[in-house]
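Below is one structure, written out as structure tokens, with a few remarks after it.
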2 protein chains.
Amino acid sequence: MLDVCLLGTGGMMPLPKRFLTSFICRLNGKMLMIDCGESTQVSLKMLGWGFKNIDIICFTHFHADHISGFVGLLLTAGNSSRTEPMHLVGPKGLESVVNSLRVIAPELPFELIFHELDNSINSEIRIDEFEISWLQLEHRIPCVAYSINISRSGKFDVSKALNLNIPKSSWSKLQKNEKVIHNGKVYTSDMVLGEQRKGIKVSYCTDSRPVQGLPDFVRNSDLFICEGLYADDEKLNKAIEYKHMLFSEAAKIAKQASVSELWLTHFSPSLTEPREFLNVATDIFENSVVGYDRITKTLLFN
Amino acid sequence: MLDVCLLGTGGMMPLPKRFLTSFICRLNGKMLMIDCGESTQVSLKMLGWGFKNIDIICFTHFHADHISGFVGLLLTAGNSSRTEPMHLVGPKGLESVVNSLRVIAPELPFELIFHELDNSINSEIRIDEFEISWLQLEHRIPCVAYSINISRSGKFDVSKALNLNIPKSSWSKLQKNEKVIHNGKVYTSDMVLGEQRKGIKVSYCTDSRPVQGLPDFVRNSDLFICEGLYADDEKLNKAIEYKHMLFSEAAKIAKQASVSELWLTHFSPSLTEPREFLNVATDIFENSVVGYDRITKTLLFN
């Protein structure tokens with residue numbers, strides 16, 4: 001199972017009850033974050049998941065409202081006894097931006113490992129159990145959407161394992177796709193696991209205009225998190241000018257992509273009560289939720 | 001009169017109910033800030049003084065908990081229609097640090113004017129009505145204390161102005177220390193103002209061990225804001241190691257310097273309820289206050 005949470009749901013500036021955009025998910029004690037605006041660590045403190053096990057931070061782009069909380073978070077992770085390397089994923093320029101910001105945090109007790117994304121339309125890296133793919137978006141500066149996939153092995157077939165005389169002490173290794181050698185014979189997981197089962201897919205898209213490949217990229221997500229800087233369709237011209245999306249545009253993508261659930265996020269500071277506009281989204285895609293800080297859910301393997 | 005407020009009273013990391021260290025004061029609509037840790041702008045939003053008129057930001061030093069909220073604040077000031085230059089004051093390296101941090105905020109609608117402090121023991125600059133002096137402290141990196149002085153002219157002597165036949169329409173100029181020419185004669189404020197009256201002095205000291213010149217530097221302050229990272233005297237070794245102060249050390253300086261009031265700030269995250277240790281300070285200096293976020297006061301000219 002994968003715990004997911006929106007740590008912040010605001011765009012542009014942090015507000016007392018709406019911090020800047022950040023998403024976090026947790027799988028078997030390891031955490032992956034996407035974006036880290038100012039006050040993200042305050043929200044994470046409220047959530048109570050701790051700071052030590054943030055293993056991966058992905059950045060959609062380098063506008064301040066998506067990264068201004070990052071340096072403080074690094075220091076807090078260090079003060080929380082983190083010593084393992086932290087993986088950073090983001091568009092080209094990531095290492096240079098991070099090194100500039102670290103002028104006020106030059107010393108850390110852990111290493112940073114950079115994964116700069118190339119310009120291919122759609123690609124993938126795997127870190128621990130997180131399969132991370134991305135898609136180029138259309139914003140004022142280079143920006144990517146992310147899809148986080150947690151794959152799930154096939155079911156362990158006990159009768160096959162018994163027939164092959166594999167000792168029970170080795171079963172767990174095969175379940176984790178590890179190789180087992182017993183009495184000189186090599187056993188691999190494909191000998192005892194059934195067909196691969198459906199995993200969990202979470203997609204995250206902000207900041208962008210709707211782009212052509214987006215519905216395919218987020219298709220069948222268990223959860224699709226998408227920006228809705230503007231709630232009202234009358235703000236279309238502003239959305240086009242500043243390269244953002246309307247609630248209705250996010251909902252159309254959710255519908256087209258047959259996702260299970262849509263969470264809207266990244267609201268304009270001028271949008272005082274985004275939840276009042278819920279029906280703008282649900283009229284198009286029923287399973288829409290207007291996000292709020294620390295909205296949390298546990299996604300299960302089906 | 002001068003409105004003063006502690007926007008944040010935390011050291012090291014921002015907490016849900018205690019943001020990072022920042023002080024702000026307001027005089028005739030103009031604002032001066034000292035330090036700007038993460039979430040400072042959230043606290044300022046709560047306070048409701050606005051973002052447009054932050055004219056001066058002074059930095060004590062460049063540890064992240066004193067500057068990590070600065071770039072976001074710059075952008076918010078820009079989005080609040082600020083176009084006038086903003087003055088930045090801080091130790092040597094200020095411009096380089098600020099320019100590094102601005103990698104995520106390269107464009108602003110206003111100019112930044114840098115005032116890098118030299119290594120003299122005690123000096124002063126004046127920006128608008130704020131007279132800013134500083135003192136080198138003893139921390140792990142170069143760090144300064146600030147003293148903000150608002151001077152007050154002598155009382156306007158109506159009988160002198162009448163005797164000199166100065167027209168009433170020119171009185172306000174003389175009150176503001178401006179020169180007046182009337183019927184070919186030059187009149188200056190010293191002709192009509194009494195002796196200079198006591199102004200307002202606010203001093204701010206964090207992060208440091210107690211240094212020799214500090215009591216003289218903060219002497220007779222109407223308000224002395226001083227760090228107390230550790231409340232308990234048993235933490236003396238830690239205070240010495242990390243170059244910080246105890247509540248009792250701050251209170252001793254307040255007493256020695258004959259200040260009117262002491263506000264403690266910059267508490268360790270491990271200090272859950274700093275107010276429980278109030279007596280540690282009041283036992284030494286009675287008019288001690290354990291600060292909290294958005295503690296506010298209006299200091300009057302006496």
Check: Can you work out the base-10 log of I(q)/I(0) for segment A:72-195 at q = 0.09, 0.15, 0.20, 0.23 1/Å, using the Debye formula on its C-alpha atoms alone?
Finding: -0.47, -0.85, -1.06, -1.24
Checklist line | Residues with amide H under 5 Å from that of A:L112, placed H, sequence gap 5 or more | finding: A:M86
Check: How many nm separate the modelled label positions at B:F301 and A:K176, each set 7 Å beyond the Cα in the direction of the Cβ?
Finding: 7.4
Item checked: Karplus 3J(HN,Hα) series, Hz, for segment B:17-31 with 6.51 cos²θ - 1.76 cosθ + 1.60 (x for Gly, Pro) -> 10, 8, 7, 6, 3, 7, 10, 9, 9, 9, 9, 6, x, 9, 10
Next item on the list: For A:N28, go 7 angstrom from Cα along the Cα-to-Cβ vector, then report the distances to that same point in the other copies in nm, smallest first.
Entry: 6.7
Check: Once a ≥ b ≥ c are taken as the square roots of the eigenvalues of the Cα gyration tensor of the protein assembly as shown, is the result rounded (a/c under 1.5), prolate (a/b larger than b/c) or oblate (a/b not larger than b/c)?
Finding: prolate
Item checked: Nearest-20 debye value, segment B:246-298 charge dipole, Cβ charges on Lys, Arg, Asp, Glu -> 160
Note to self: At 0.36 nm per residue, and after removing the present C-alpha to C-alpha distance, how many nm does the segment from A:R140 to A:K168 gain when stretched out fully?
What the structure shows: 4.4 nm
Note to self: Could you tell me the calculated FRET efficiency between B:S81 and B:E131, based on Cβ-Cβ distance and R0 = 22 angstrom, to the nearest 0.05?
What the structure shows: 0.20
Notebook entry, point to check: For segment A:171-270, with only Lys/Arg (+1) and Asp/Glu (-1) charged at the beta-carbon, what is the dipole magnitude about the Cα centre, in debye rounded to 20?
Noted result: 580
Item checked: Loop-resident sites, segment B:1-97, for trypsin sites (Lys or Arg not before Pro), counting at most 13 other Cβ within 10 Å (DSSP) -> B:K17, B:K92
Notebook entry, point to check: In the P(r) worked out for segment B:154-195, what percent of Cα pairs fall beyond 16 Å?
Noted result: 19
Next item on the list: Considering the convex hull of the alpha carbon atoms of chain A, report its projected area averaged over all viewing directions, in nm², one decimal.
Entry: 17.3
Checklist line | Label geometry 7 Å along the beta-carbon vector: B:T282 inter-copy distances in nm | finding: 5.3
Notebook entry, point to check: Loop-only check: which GluC sites (Glu not before Pro) in segment A:100-147 are DSSP coil with at most 11 other Cβ within 10 angstrom?
Noted result: A:E107, A:E111
Item checked: Rounded to whole Hz, the Karplus (6.51, -1.76, 1.60) HN-Hα couplings of segment B:124-132, x for glycine and proline -> 8, 10, 10, 10, 6, 9, 8, 9, 10
Checklist line | Proximal aspartates and glutamates to A:K45, defined as alpha-carbon separation beneath 20 angstrom and excluding residues fewer than eight positions away on the same chain | finding: A:D3, A:D35, A:D55, A:D65, A:D293, B:E38, B:D65, B:E273, B:D293
Check: Which residues' amide hydrogens lie under 5 Å from the amide hydrogen of B:S39, considering only partners 5 or more residues apart or on another chain, with H built in the peptide plane?
Finding: A:S39
Check: Tell me, what HN-Hα J-couplings in whole Hz come from the Karplus equation 6.51 cos²θ - 1.76 cosθ + 1.60 at θ = phi - 60° for each residue of segment A:136-141, using x for Gly and Pro?
Finding: 5, 10, 10, 10, 6, 10
Notebook entry, point to check: Amide H to amide H, which residues 5 or more places from A:G8 or on other chains are under 5 Å from it, using H placed in the peptide plane?
Noted result: A:S22, A:R294
Notebook entry, point to check: How far is the Cα center of segment A:143-171 from the Cα center of segment B:175-219, in Å?
Noted result: 77
Check: What pairs in B:K160/B:K185; A:K201/A:K297; A:K17/B:K201; A:K160/A:K198; A:K92/A:K176; A:K238/B:K30 have C-alpha atoms more than 24 Å from each other?
Finding: A:K17/B:K201; A:K92/A:K176; A:K238/B:K30
Check: If you put a point 7 Å past Cα along the Cβ direction, how far is that point for B:F110 from the same point in each other copy, in nm, smallest first?
Finding: 3.8
Checklist line | Scattering profile of segment A:146-280 at q = 0.16, 0.18 Å⁻¹ [log10 I(q)/I(0), Debye over alpha-carbon scatterers] | finding: -0.77, -0.90
Next item on the list: Write out the trypsin sites (Lys or Arg not before Pro) in segment A:153-204 meeting two conditions: DSSP loop, and at most 16 other Cβ atoms within 10 Å of their Cβ.
Entry: A:K155, A:K176, A:K179
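Values in this text are rule-based calculations from the coordinates and carry no lab data. It should be emphasised that the depicted structure is a prediction, and the values quoted were computed from it without experimental measurement. Here Cβ is always computed from backbone atoms with ideal geometry, including for glycine, and neighbour counts include all displayed protein chains.
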